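Student: A single structure is presented below for examination.
Coordinate-derived values only; no laboratory data. Values in this document were obtained by computation on a predicted structure and should not be read as measured data. Neighbour counts run over all protein chains shown; Cβ positions are idealised from the backbone, glycine included.
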Amino acid sequence: MLNWSALKPAVKLLRSQKVGILPTDTIYGLVASALDFDSVERLYEIRYRDKNKPVIVLIGRISDLKLFGIKLSSKLKKSLKRYWPGPISIIFPVSSPRFSHIHRGGGSIAFRLPQNRPLRRLLKKTGPICAPSANPQGEAPAQDIETAKKYFANQVDFYIDCGEIKNPPSTVLKIEGNTFIVVRKGAA
């Protein structure tokens, strides 16, 4: 069970630019502060992730989107409340070079506002975090800490264990005009 007492130690570590493994609302994630270039680059190296492929960013509140230069109309805010909080990641245009370490030149980033309250509490204290699934590219996502440790051993700074997680990854939606298009079917 994902709870605050399990997640609390990660706050200081993520604020200190550490990279680790923790349970998200869907699956275990390899996590790093989204606002720290070096941490995100390290995440890519550890995961052997394609350097041109962006990662999903978890946020603690809808207003965190402003940090990335995203301005929401009142109509879009209302639409987002149908999906968030929940296991749905939504792709927004973010072309600022300041965030090229996340969007990798693609001009967009997928964000998710998790359903789990303790995880949102962590995000409100750490700020947004990058959270691709906890697996090297090409391998199955880790469903437990033992598998994550086999994948990453001492390459990461911390592990937060919340037992086995067998959820599918998040559904990914893209906004086109006033419509949400399914890019990847997953949880929800």
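Student: Cα centroids of region 172-188 and region 150-168: how far apart, whole angstrom?
Tutor: What the calculation gives is 28 Å, centre to centre.
Student: Go through THR26, LEU67, ILE160 and say which Cα lies farthest out towards the positive end of the charge dipole of the chain; charges sit on Cβ, +1 for Lys and Arg, -1 for Asp and Glu.
Tutor: About the Cα centre, the residue reaching furthest to the positive side is LEU67.
Student: Let me ask another. Show log10 I(q)/I(0) for region 1-109 at q = 0.21 Å⁻¹, two decimals, from a solvent-free Debye sum over equal Cα scatterers.
Tutor: For region 1-109, the Cα-only Debye profile gives -1.33.
Student: Hey, another quick one. What are the residues whose amide H is under 5 Å from the amide H of GLY29, where those residues sit 5 or more places off or on another chain and H is modelled from the backbone?
Tutor: When sequence neighbours closer than 5 places are left aside, the close amide H contacts are LEU22, THR24, ALA134.
Student: In this model, which of LYS71/LYS150; LYS149/LYS174; LYS149/LYS185; LYS53/LYS150; LYS81/LYS124 are farther than 30 Å apart at the alpha-carbon?
Tutor: LYS71/LYS150; LYS149/LYS174
Student: Within 10 Å of each residue's Cβ, count the other Cβ atoms and sort SER170, SER74 from fewest upward.
Tutor: By the 10 Å Cβ count, ascending, the order reads SER74, SER170.
Student: Arranged by the count of other C-beta atoms within 10 angstrom, fewest first, what order do LEU7, LEU123 take?
Tutor: Going from sparsest to densest Cβ surroundings: LEU7, LEU123.
Student: Would you kindly derive the ³J(HN,Hα) couplings of region 159-170 from the backbone phi angles with the Karplus curve 6.51 cos²θ - 1.76 cosθ + 1.60 (θ = phi - 60°), listing them in order in whole Hz, with x for Gly and Pro?
Tutor: Rounded to whole hertz, the list is 10, 10, 9, 10, x, 7, 10, 10, 7, x, x, 5.
Student: Straight-line reach only, C-alpha to C-alpha below 12 angstrom: list the aspartates and glutamates that LYS166 could link to, leaving out same-chain residues fewer than 8 apart.
Tutor: ASP25, ASP144
Student: Report the label-to-label distance for SER63 and ALA187 in nanometres (one decimal), using points 7 Å from each Cα along the Cα→Cβ vector.
Tutor: Taking the two extended label points, one gets 2.5 nm.
Student: Further question on the same structure: Consider just the alpha-carbon atoms of the chain and return their Rg together with their Dmax, both in angstrom.
Tutor: 15.3, 46
Student: OK, next. Tell me, how many Å apart are the Cα centres for region 109-128 and for region 1-65?
Tutor: 10
Student: I'd like the Karplus ³J(HN,Hα) series for region 18-30: coefficients 6.51, -1.76, 1.60, θ = phi - 60°, whole numbers in Hz, and an x wherever there's a Gly or Pro.
Tutor: 8, 10, x, 10, 8, x, 9, 6, 10, 9, 5, x, 8
Student: Hey, can you rank 156-166, 34-44 by average C-beta count inside 10 Å, highest first?
Tutor: In descending order of packing, they fall as 34-44, 156-166.
Student: How much of the DSSP bridge set in region 4-184 is antiparallel, in percent, rounded to the nearest 5?
Tutor: 70
Student: Using 7 Å Cα-to-Cβ label points, what is the ARG121/VAL11 separation (nm, one decimal)?
Tutor: 0.9
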